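Undergrad: One structure, pasted below without further comment.
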Amino acid sequence: MKKSEKSLARGLLLAACALSAGLFTACSQDAETDVPASGGTDVEVTATVSDMVGALTRTASGGLNTADTGFSAFSISGASTEVAVKVDNGSGTYGDAYTYTLTGAKAISAPTSKPQFPGTVTSVSVYGWYPANSGSQTFTVSTDQTTDLNYLASDILVAQPQTCTRAKSGSNWNVTAANLTFQHVMSKVGFTVTPGTGVTLKKIEIVSAYPTVTLSQSGSTVTAAGSGTVTDIKLWDNTSTSVVTTYGVFAPKTYSSATFLKVTAEVGGVEGVVNYTVNGNFEAGKVYTASLNVNATDVETGTVTLSDWSSDEAPSLELGN
């Protein structure tokens with residue numbers, strides 16, 4: 001069997017999507033005038049979205065955006081424009097999420113009813129996630145990511161807890177920012193698939209992915225974990241005799257010599273499936289890319305062996321047989 005072309009890509013920390021100076025910048029200002037220290041001060045989670053670094057989402061053509069696009073979901077018709085934010089009571093207990101709205105790729109607006117400092121508390125903790133998901137921290141991962149909308153709905157971003165404080169200055173309150181930095185918490189994979197002579201590509205799928213992702217907050221950390229009966233995620237579903245590049249996201253997972261990728265192709269009018277197995281760990285917030293050739297012999301035999309993770313470049317993915 002002809003050895004597939006391989007392409008090693010270092011896991012790219014999708015802090016690549018991080019907002020270097022913070023998505024939310026709380027105003028440092030006289031938020032209230034002549035308000036007693038017993039309460040009534042808004043937790044100011046207003047203002048700007050700063051530049052993002054690196055690739056945020058895939059483009060409509062299946063590649064990756066490499067320019068600084070901010071929350072690029074804002075420009076895609078039908079995509080969610082809501083960001084969820086939670087504020088604690090100063091003692092680590094969080095209430096319901098507040099919904100903020102994207103007003104541009106690098107700007108958000110606060111809800112009409114803003115979170116407030118409770119009682120005499122002067123310091124609260126704030127964290128957030130996108131998409132807002134109606135305030136729920138349990139997400140359903142789309143099993144069909146062939147559309148940008150389904151892909152974006154599954155590409156979960158989380159901002160770890162940060163502190164917002166207020167201090168009395170005369171008769172006024174000064175509120176100091178809770179600077180939130182959003183990062184991807186899913187694993188991302190990208191494949192460039194080249195069909196050999198006489199091969200027509202039909203479908204590309206991730207195999208045995210978790211269908212549910214739950215965000216859990218403990219102290220100053222929010223983590224994402226997959227659960228449920230594993231399922232396949234369709235990344236591309238079309239017909240092509242030329243090169244196909246596609247990306248998808250799934251819950252972080254370790255594959256122990258298990259099928260990871262499935263390519264459906266047709267040779268001489270007969271459709272077959274090539275299964276690729278992998279032994280390695282897909283981590284949160286990292287992207288793994290690989291190139292492979294799908295030849296007629298691969299489709300006929302139905303299996304291609306993937307090498308273990310490279311020990312000198314971690315994380316990396318080697319496709320071959």
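Undergrad: For region 85-117, enumerate the residues that are among the charged types (D, E, K, R) and more than 20 Å from the chain's Cα centre (by Cα).
TA: ASP88, ASP96, LYS114
Undergrad: So for region 169-179 (the condition being under 26 Å from SER80 (Cα atoms), in contact (Cβ under 8 Å) with a residue 12 or more places away in the chain and in a strand (DSSP E or B)), does at least one residue qualify?
TA: no
Undergrad: Of the numbered conditions (1) modelled with pLDDT under 90; (2) within 20 Å of VAL287 (Cβ to Cβ), VAL243 fails exactly one; give the number of that condition.
TA: Condition not satisfied by VAL243: (1).
Undergrad: A follow-up question, please. Looking at region 124-141, can you tell me whether even one residue there is in contact with a Leu (Cβ under 8 Å, 6 or more places away or on another chain) and in a loop (DSSP other than H, G, I, E, B)?
TA: yes
Undergrad: Select, from VAL141, VAL121, VAL175, the only residue that is under 13 Å from the mean Cα position of the chain (by Cα), β-branched (Val, Ile, Thr) and at negative phi.
TA: VAL141
Undergrad: Let me ask something additional. Which one of these does GLY226 not meet: (1) touching a Pro at 6+ places or on another chain (Cβ under 8 Å); (2) of a type in the set (Gly, Ala, Ser); (3) not in a strand (DSSP E or B)?
TA: (3)
Undergrad: LYS86 is checked against (1) modelled with pLDDT under 90; (2) of a type in the set (Lys, Arg); (3) closer than 30 Å to GLY248 by Cβ and fails just one. What number does that condition carry?
TA: Among (1) modelled with pLDDT under 90; (2) of a type in the set (Lys, Arg); (3) closer than 30 Å to GLY248 by Cβ, the lone unmet condition for LYS86 is (1).
Undergrad: Do we have VAL270 as in contact with a strand residue (DSSP E or B) (Cβ under 9 Å, 6 or more places away or on another chain) and on the phi < 0 side of the Ramachandran plot here?
TA: The answer is no for VAL270.
Undergrad: Taking only region 111-123 into account, find how many residues are in a strand (DSSP E or B) and more than 19 Å from SER218 (Cα to Cα).
TA: Counting residues in region 111-123 that are in a strand (DSSP E or B) and more than 19 Å from SER218 (Cα to Cα) gives 1.
Undergrad: Moving on to the next point. Hey, ALA225 hits all of (1) open to solvent by 10 Å² or more (accessible area, probe 1.4 Å); (2) in contact with an Asp or Glu (Cβ under 9 Å, 6 or more places away or on another chain) but one; which does it fall short on?
TA: Every listed condition holds for ALA225 apart from (2).
Undergrad: Tell me whether region 188-196 contains one or more residues that are free of Cβ contacts under 8 Å to residues at least 60 places away in the same chain and either open to solvent by 20 Å² or more (accessible area, probe 1.4 Å) or among the aromatic types (Phe, Trp, Tyr) (or both).
TA: The answer is no; no qualifying residue exists.
Undergrad: Here is a check on your reading of the model: is GLU266 assigned to a strand (DSSP E or B), touching a Ser or Thr at 6+ places or on another chain (Cβ under 7 Å), at pLDDT 90 or above and more than 18 Å from THR192 (Cα to Cα)?
TA: So GLU266 does not fit the description; no.
Undergrad: Checking the conditions here, which among LEU215, LEU235, LEU201 is more than 30 Å from GLU266 (Cβ to Cβ), open to solvent by less than 30 Å² (accessible area, probe 1.4 Å) and touching a residue at least 24 places away in the same chain (Cβ under 8 Å)?
TA: From the options LEU215, LEU235, LEU201, the qualifying one is LEU215.
Each row is one residue, and each column tells you yes or no for (1) open to solvent by 30 Å² or more (accessible area, probe 1.4 Å); (2) touching a Pro at 6+ places or on another chain (Cβ under 7 Å).
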{"site": "SER109", "(1), (2)": "yes, no"}
{"site": "LYS114", "(1), (2)": "yes, no"}
{"site": "PRO118", "(1), (2)": "yes, no"}
{"site": "SER136", "(1), (2)": "yes, no"}
{"site": "THR140", "(1), (2)": "yes, yes"}
{"site": "ASN150", "(1), (2)": "yes, no"}
{"site": "LEU157", "(1), (2)": "no, no"}
{"site": "ARG166", "(1), (2)": "no, no"}
{"site": "PHE182", "(1), (2)": "no, no"}
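Undergrad: Can you name every residue in region 168-180 that is small (Gly, Ala, Ser) and surrounded by fewer than 16 Cβ atoms within 10 Å (Cβ to Cβ)?
TA: Answer for region 168-180, where residues must be small (Gly, Ala, Ser) and surrounded by fewer than 16 Cβ atoms within 10 Å (Cβ to Cβ): SER169, GLY170, SER171.
The values are calculated or read from the model by the stated rules, or taken from the named source; none is laboratory data. This one's a predicted model, so the numbers in the text were calculated from it and none came from an experiment. Heads up, the Cβs are rebuilt from the backbone with ideal geometry, glycines too, and the neighbour counts pull from every protein chain shown. Keep in mind that these areas ignore ligands, DNA and RNA; they rest on the heavy atoms of the full protein, side chains included. Shrake-Rupley method; radii C 1.70, N 1.55, O 1.52, S 1.80 Å.
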